[in-house]
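Heads up, the thing below is written out as structure tokens.
The values are calculated or read from the model by the stated rules, or taken from the named source; none is laboratory data. Remember, it's a predicted structure, so these values are computed and weren't measured experimentally. Here Cβ is always computed from backbone atoms with ideal geometry, including for glycine, and neighbour counts include all displayed protein chains. We work out accessible area using only protein heavy atoms, side chains counted, and drop any ligands, DNA or RNA first. Shrake-Rupley method; radii C 1.70, N 1.55, O 1.52, S 1.80 Å.
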Amino acid sequence: MTDTHDTPTGSLHERAIFWVTRLHSGDCTDQERQDFEAWLAQSETHRTAHKEVEAFWNGLSQIEPLAAPQLAAARTYLREARQSRRAFSGKRLAGAGVLSLVFITGFLPLWWSWLTTDTYRTAKGDSMSIQLSDGSRIDLNTDTELSVQYTSTRRSVKLEHGEALFSVVHNEEKPFEVIAADGRIQDIGTRFNVYRQADRVSVTVLEGEVSVATGQSSTAQYLVPGQQISYDSTGHTSAISRADTDAITAWQKGRLVFKSQPLSIVLEQLSRYHDASLQVDGSRLQTLKVSGVFPTDNLNLALNTIAGALPIKVNQTATNIFVIAPAN
């Protein structure tokens, strides 16, 4: 007879919770253990999530002498949570008798927040698409990190650095927001791109509408398709302007599009996709204007194309060091 069991679904941590609770259930079958090992072998993110949830499960034992009944309820709740997409609802926690433990130890609130949060990262030159449980999608560009937290009342993404395109299924009862630096971007049924640099965040709307609010503004500003706004690390915003949405989202097709941009900006953007140092010999060259479409995955081709259009030459002085100098 073939063993059958529930198929793990939901967020990364919800799936990890599924496997940890099954392995500790006492009735885990050999087939389930094989399926768990196969899931674990799929990626490093699966192995990391499992280790973290397993650590949480084991960590409950450390405070068992103080609150054994509450911990038993917490473990029971973890088992039940794997069968529900509404993981870690506050009301259900209270009903399970865990709320008192939250106030006693201060331990579970941190884990509760963590267990409903998934973190995603891309390396230089990589990209990633995330399909969320509500049908929304996030496309991550190169060198990007963000965290996603879904609760019973809200959907929140924190963009730590990099760039992402959000395609959001609107839900008035469960708002979708992106937090980047001092700003908060809220969806009103839309697709929008957010690019967070060290000192500035740019928001561009492709479809629908978004509101953008920062700590420095008393009211939110609303953007419609084709509009862009940016704000600095202190929350000061620019004026809303028209945006070239095709150029801004060209990264999804592996391209960078420049229209009369300074060479310094072009090299800065190229360096986002490659572990290379792009140096300019002389400040005069930095202001040279560049126009064209360049691949994100072929640095040599991009640099040689630029050198063919401008009075410059590219010298590779080491494996990952390129120096831009005058042609003569």
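Among residues belonging to the stretch 156-200 that are charged (D, E, K, R) and modelled with pLDDT of 90 or more, point out the one that is farthest from the chain's Cα centre (by Cα). Looking at residues that are charged (D, E, K, R) and modelled with pLDDT of 90 or more, I get ARG200.
Considering each residue of the stretch 167-186, count those that are under 23 Å from ASP232 (Cβ atoms) and either among the aliphatic types (A, V, I, L, M) or assigned to a loop (DSSP other than H, G, I, E, B) (or both), and give that number.
6
Conditions (1) open to solvent by less than 40 Å² (accessible area, probe 1.4 Å); (2) in contact with a Leu (Cβ under 6 Å, 6 or more places away or on another chain); (3) closer than 21 Å to ASN141 by Cα, marked per residue:
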{"position": "ARG272", "(1), (2), (3)": "yes, no, yes"}
{"position": "ASP275", "(1), (2), (3)": "no, no, yes"}
{"position": "GLN279", "(1), (2), (3)": "no, no, no"}
{"position": "SER283", "(1), (2), (3)": "no, no, no"}
{"position": "ASN300", "(1), (2), (3)": "no, no, yes"}
{"position": "ASN320", "(1), (2), (3)": "no, no, no"}
{"position": "ALA327", "(1), (2), (3)": "no, no, no"}
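Looking across the stretch 129-155, the residues that are under 30 Å from LEU270 (Cα atoms) and either surrounded by fewer than 16 Cβ atoms within 10 Å (Cβ to Cβ) or under 9 Å from the mean Cα position of the chain (by Cα) (or both) come down to SER129, ILE130, GLN131, ARG137, ILE138, ASP139, LEU140, THR144, GLU145, LEU146, SER147, VAL148. Restricted to strands (runs of 3 or more DSSP E) entirely inside the stretch 187-264, those with at least 2 residues that are open to solvent by less than 20 Å² (accessible area, probe 1.4 Å) and either acidic (Asp, Glu) or under 22 Å from GLU160 (Cβ atoms) (or both) are 191-196, 200-207, 210-214, 227-232.
Among the residues that make up the stretch 163-176, is at least one of them in contact (Cβ under 8 Å) with a residue 60 or more places away in the chain, open to solvent by less than 50 Å² (accessible area, probe 1.4 Å), of a type in the set (Asp, Glu) and under 30 Å from PHE294 (Cβ atoms)?
The answer is yes, given that some residue of the stretch 163-176 is in contact (Cβ under 8 Å) with a residue 60 or more places away in the chain, open to solvent by less than 50 Å² (accessible area, probe 1.4 Å), of a type in the set (Asp, Glu) and under 30 Å from PHE294 (Cβ atoms).
Residues of the stretch 1-58 that are at pLDDT 80 or above, in a helix (DSSP H, G or I) and acidic (Asp, Glu): ASP30, GLU32, ASP35, GLU37, GLU54.
Considering each residue of the stretch 135-151 in turn, at least one proves to be at positive phi, at pLDDT below 95 and outside any strand (DSSP E or B).
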